[in-house]
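A short reminder: the numbers here are calculations on the coordinates, not readings from a lab. Everything quoted here is computed from the prediction, not taken from an experiment. Note that we place each Cβ from the backbone using ideal geometry, even for glycine, and neighbour counts take in every protein chain shown.
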Amino acid sequence: MSLIGLEHEWVHVDILNQETHSEAFKAMNPNAKIPVLKVSDENYLWESNAILNFLAEGTSWLPDSDLERARVLQWQFFEQYSHEPYIAVARFIRKYLGLPDDRLDEYRSKQTGGHKALSVMELQLTETDYLCGNLPSIADISLYAYTHVAEEGGFSLEKYTAINAWLNRIEKLPGYIAQQ
Ligand SMILES: N[C@@H](CCC(=O)N[C@@H](CS)C(=O)NCC(=O)O)C(=O)O
């Protein structure tokens, strides 16, 4: 939202404290997960990529042509199925749960899939500055999210030269704000 200059209020929800499971929260998202966008008193939108598509409509972050829009979705579906389930989950187990013994096998099982996802991104980013070409799109936002903190999930980014250059490029965009 800051990248497109959209005023908003950020409301922190503590998932470790089960705040997503309150009745008030579930009235906004019955799936009991963040993020949720309050569009109006009657309208709440959940699922990060749906929120991004809604917010980016009419901006340069979501291209006009059918093929380019489908290309954005291609990367967003990839994020949900091939990236997040490995990198975000490994990070959660390590950073937030402190790598408990009973989740160690699960944590380790995430490494191969996470590196496969990073390799797919690396391949694209050696060809183009951003995932959908030479302009940034919401596909980059979707994948920046957990890629820039992948090391917290035990995924070294050292060998991914093109990913590192892409992360730097995104962090230099006007309106970018670092994680708080
Ligand atoms: N597919 C969803 C995933 C949302 C998600 O998994 N959110 C996590 C935090 S990143 C959450 O709210 N977890 C709390 C819980 O499941 O209790 C999206 O992209 O928005």
Could you give the length gained on full extension between Leu123 and Val39, defined as 0.36 nm per residue of separation minus the Cα-Cα distance, in nm? 26.6 nm
Using the beta-carbon distance between Ile4 and Leu99 and R0 = 35 Å, what value does 1/(1 + (r/R0)^6) give for FRET efficiency, to the nearest 0.05? 0.40
Could you check the simple spin-label distance between Glu171 and Gln74, using points 7 Å along Cα→Cβ, in nm with one decimal? 2.9 nm
In deg cm²/dmol, rounded to the nearest 500, the helical mean residue ellipticity at 222 nm of the chain, built from -39500 (n - 2.57) for every DSSP H run of length 4 or more, is -14000 deg cm²/dmol
Taking all pairs of different Cα atoms in the chain, averaging 1/r and flipping that mean, what Kirkwood radius in angstroms comes out? 17.5 Å
Based only on other Cβ atoms within 10 Å, what is the fewest-to-most ordering of Arg108, Arg103? Arg108, Arg103
Neighbouring Cβ atoms within 10 Å as the yardstick, rank Val11, Val120, Val36, Val72 fewest first. Val11, Val120, Val36, Val72
Taking 8 Å as the Cα distance limit and 6 or more residues as the minimum spacing, I'd like the relative contact order of the chain as a percentage. 22 percent
Under the Karplus curve 6.51 cos²θ - 1.76 cosθ + 1.60, θ = phi - 60°, whole-Hz ³J(HN,Hα) for the range 105-110, x wherever Gly or Pro sits: 4, 4, 4, 5, 5, 7
Hey, fewest Cβ within 10 Å first, where do Trp61, Trp166, Trp10 land in order? Trp10, Trp61, Trp166
Among His12, Tyr44, Cys132, which residue has its Cα positioned farthest towards the positive end of the charge dipole of the chain, with +1 placed on the Cβ of Lys and Arg, -1 on the Cβ of Asp and Glu, and the dipole taken about the Cα centre? Cys132
To the nearest 20 debye, the chain has a Cα-centred charge dipole, built from +1 on Lys and Arg Cβ and -1 on Asp and Glu Cβ, of 460 debye
List the residues whose amide H sits under 5 Å from the amide H of Cys132, counting only those 5 or more places along or on another chain, with H placed 1.01 Å from N in the peptide plane. Ser137
Proximal aspartates and glutamates relative to Lys95, as straight alpha-carbon distance under 18 Å, when same-chain residues fewer than 8 apart are discounted: Asp14, Glu84, Asp105, Glu106, Glu151, Glu152
